[in-house]
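Reviewing the structure listed below.
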2 protein chains.
Amino acid sequence: MPSTQPPAAPAVALDLSSDVTTLTAAICDIESVSQDEAPLADAIEAALRPLTHLEVVRDGNTVVARTSLGRDERVVLAGHIDTVPLTGVPNLPTRQADGVLWGRGTVDMKGGVAVMLRVAAEVSEPDRDLTFLFYECEEIDGRFNGLARLAETSPELLAADFAVLLEPTDGAIEGGCKGTLRVDVVTTGVAAHSARPWKGHNAIHDAGAVLGRLTAYEAETITVDGLDYHEALQAVGISGGIAGNVIPDRCTVTVNYRYAPDKDTEAAFAHVRQVFDGFDVTLADAADGARPGLHLPAAQAFVEALGVPVNAKEGWTDVARFTALGVPAVNFGPGDPNLAHMDDEACPVEQYVAAEAALLRWLG
Amino acid sequence: MPSTQPPAAPAVALDLSSDVTTLTAAICDIESVSQDEAPLADAIEAALRPLTHLEVVRDGNTVVARTSLGRDERVVLAGHIDTVPLTGVPNLPTRQADGVLWGRGTVDMKGGVAVMLRVAAEVSEPDRDLTFLFYECEEIDGRFNGLARLAETSPELLAADFAVLLEPTDGAIEGGCKGTLRVDVVTTGVAAHSARPWKGHNAIHDAGAVLGRLTAYEAETITVDGLDYHEALQAVGISGGIAGNVIPDRCTVTVNYRYAPDKDTEAAFAHVRQVFDGFDVTLADAADGARPGLHLPAAQAFVEALGVPVNAKEGWTDVARFTALGVPAVNFGPGDPNLAHMDDEACPVEQYVAAEAALLRWLG
């Protein structure tokens, strides 16, 4: 259950009055690989507790801080506090050179977390009520995801009219996200000794036709609420074979369909079944995307206030979890998403400054 | 090293004066899954030791028995004494019904072993010198094979003008055997997130062209020394994929080429490279086949004495090991090879009787 008890003093203190780049570096330097976020969650909680305009709730290693000013509208700013593992020669502590901050988390997404903390500290009387969500375990299996857990156990903490997820977008606004589903396309043959293949039927050879349909497939670009989503249908795995002298009786091609948010899982699965008509197709897993919702007033106000480019989000992100809660959401944060998870993760510090300025402009 | 010391009395005694079917059942009922052949090797050795016309040598769980009558010609009769594992509900002990003997080993190849023992006991003054080879570990990795070991350590024990391998051939003579080689055909791409496949290149999709060449391939039938060998080129394995959200950068198709004994490994590999021209092809393993050698006098005499059908052997067998030693060899034994290794392994007892009679007719 969420707790409102004050925590013990954290091992490392965060100074929310420092500039956003210094704060980003300090947050990166508190290592927080998924499932090891406690020290950083402690530090965030301890930094927020003294801010009297915020009510702070701790749930596991997820921290929620909220204003309750009775405004007409409530906005969520959300960011995960975990990172993927460090590199072999650890890419921490951070180092800054030539206006670039290097190290694990500088892109995905501790710059966004720093911007959130700066806004939380600076904007004590926002014109909208604010909810800040710092959550754990975004980089691993969804069952550990702190946002998903709160959506299940305490959805009232996430209630809002609009949400901004501070995932790296290179400073643009990225709306919605594509859905994703995986299917197994299975071919079935008859096993036989490979010296006498005419006694059997080769399931791997049959999979050639599955791959043929994939290479012939022309993915669509679909415009939803004014944004272009580039669909994709790709094999992500293939396996078949029993032994080096046996004609295999089974081959499985695992196919990932990334689909525009005009479709739900059912429609997307129907499309994939149609592509592989005549084959045995089973759904392995799926997660719906999210429409960008940029026609909604709260989203329009955000776009107008920021004045930055607006693009479609190609990858699946947790904006879809907000959408599932009925909260329109967009991605906006510092850092080039192509550098996320890379060994040489790094971000120009001007992006941190610009993102902070944009949000203060919107909410100030 | 081979030993000529008498062994301790075996746990189960074999009576070589019993009829060949009874003897086959008794041999089957001494379980001898590969690498657990000691009790059966003990029983065979103990049954042969009293036969004064034979010199008996034990090497591991392989037993060699030979006449030394100074004949112009020497013939080897050879058979492995191991079986593949029993079924879950053990398909032993053997049971006989309606003239059929059921159980593990009844086809592959304890009927042949029983015929060899009957000939060893009955033919004390053969018109050719005889070598009987009862060897271990044919059903598993070749490095454990008793025949291969003797060929390496004591080739003089295998010296002969002609060899008969009593593998099941349904009562026909099967000449020579096809060679076999395996290659890995590898496609290489560029990894990327599956939401943005245009940043990478899908190696699994490229493997579609490899499978296309396999399905378009028309295998030849090649006549060697009068026998027709049906070649085959088949995928026996395929693997690719990194994670469910990653465009894979590598896919490996493992292809098995079964080739007529007019070719050696080098020629066969050249052919496969030609089929997959433009792809990365590496040789994984290979074993040359064996020409049937039916034009040789010893083989012709065997064919004439038996008066049974003569076919090409499609699978690779240990006749190739004899061929490599310069000894022409054929397969001839009771049992339908299609039932080898099957759960319902079974053989009409008349085949044991016929095989015994044929060899006695030849050697008597």
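Where a number appears in this text, it was derived from the coordinates with a stated rule and is not lab data. Because the structure is a prediction, the values reported are computed rather than measured. Counting neighbours? That spans all protein chains shown, and the Cβs are built from the backbone with ideal geometry, glycine included.
Treating the beta-carbon of each Lys and Arg as +1 and of each Asp and Glu as -1, no other charges, what is the dipole magnitude of chain A about its Cα centre, to the nearest 20 debye?
The calculation lands at about 900 debye.
Run the simple label-point estimate for B:S68 and B:L360 please: 7 Å along Cα→C-beta, distance reported in nm.
For the pair B:S68/B:L360, the computed spacing is 2.9 nm.
Tell me which of B:P292, A:L147, B:V123 sits at the most positive position along the dipole axis of the protein assembly as shown, charges placed on C-beta atoms (Lys, Arg +1; Asp, Glu -1).
In the protein assembly as shown, that residue is B:P292.
Once you average over the residues of A:183-196, how many Cβ atoms of partner chains fall within 10 Å of each Cβ?
Mean shielding by partner chains, rounded to a whole number: 3.
Pick from B:D141, B:D129, B:D336: which is most flexible by mean-square fluctuation in a GNM of chain B where alpha carbon atoms under 10 Å apart are linked?
In the Gaussian network model the winner is B:D141.
Just subtract the alpha-carbon distance of B:T282 and B:L86 from 0.36 nm times their residue separation and send over the number in nm, one decimal.
Value of the extension gain: 67.0 nm.
So for the protein assembly as shown, taking the charge dipole from beta-carbon charges (+1 Lys/Arg, -1 Asp/Glu), which of A:A270, A:T87, A:V12 sits furthest toward the positive end?
Farthest towards the positive pole: A:A270.
With a point put 7 Å past each Cα toward its Cβ, work out how far A:I140 is from A:Q96 in nm, to one decimal.
The two pseudo-label positions are separated by 3.2 nm.
Mind checking the dipole of the stretch A:179-287: about its Cα centre, +1 per Lys or Arg Cβ, -1 per Asp or Glu Cβ, Debye to the nearest 20?
Its charge dipole is roughly 720 debye.
So how much slack lies between A:N338 and A:N311, counting 0.36 nm per residue of separation and subtracting their Cα-Cα distance, in nm?
8.2 nm
Please identify, among A:T323, A:T188, A:T62, the residue showing maximal mean-square fluctuation in a Gaussian network model of chain A using a 10 angstrom Cα cutoff.
Looking only at A:T323, A:T188, A:T62, the biggest GNM fluctuation is shown by A:T188.
Please work out how many pairs of lysine residues in chain B are eight or more positions apart (or on different chains) and have Cα atoms closer than 21 angstrom.
Number of lysine pairs found: 4.
About its Cα centre, what dipole magnitude does the protein assembly as shown give when the only charges are +1 on Lys and Arg Cβ and -1 on Asp and Glu Cβ, stated in debye to the nearest 20?
Taking the Cα centre of the protein assembly as shown as origin, the dipole is about 160 debye.
Treat the count of other C-beta atoms within 10 Å as a stand-in for reagent exposure and order A:R58, A:R71, A:R149, A:R258 from fewest to most.
Sorted ascending by nearby Cβ count, the order is A:R71, A:R149, A:R58, A:R258.
Got a sec to turn the phi values of the stretch B:279-287 into Karplus ³J(HN,Hα) couplings, 6.51 cos²θ - 1.76 cosθ + 1.60 with θ = phi - 60°, whole Hz, x for Gly and Pro?
Rounded to whole hertz, the list is 9, 7, 10, 10, 7, 8, 7, 7, 9.
For the residues A:L133, A:L294, what sequence is obtained by ranking on other C-beta atoms within 10 Å, fewest first?
A:L294, A:L133
Name the residue, out of A:G237, A:G88, A:G146, whose mean-square fluctuation peaks in a Gaussian network model built on chain A with Cα pairs under 10 Å.
With Cα springs under 10 Å in chain A, the top fluctuation among A:G237, A:G88, A:G146 is at A:G88.
Taking the simple approach of a point 7 Å from Cα along Cα-to-Cβ for both B:H53 and B:E304, what is their distance in nm?
2.3 nm
Taking other Cβ within 10 Å of each residue's Cβ, how do B:E304, A:E31, B:E167 sort, fewest first?
Lowest count first: B:E304, A:E31, B:E167.
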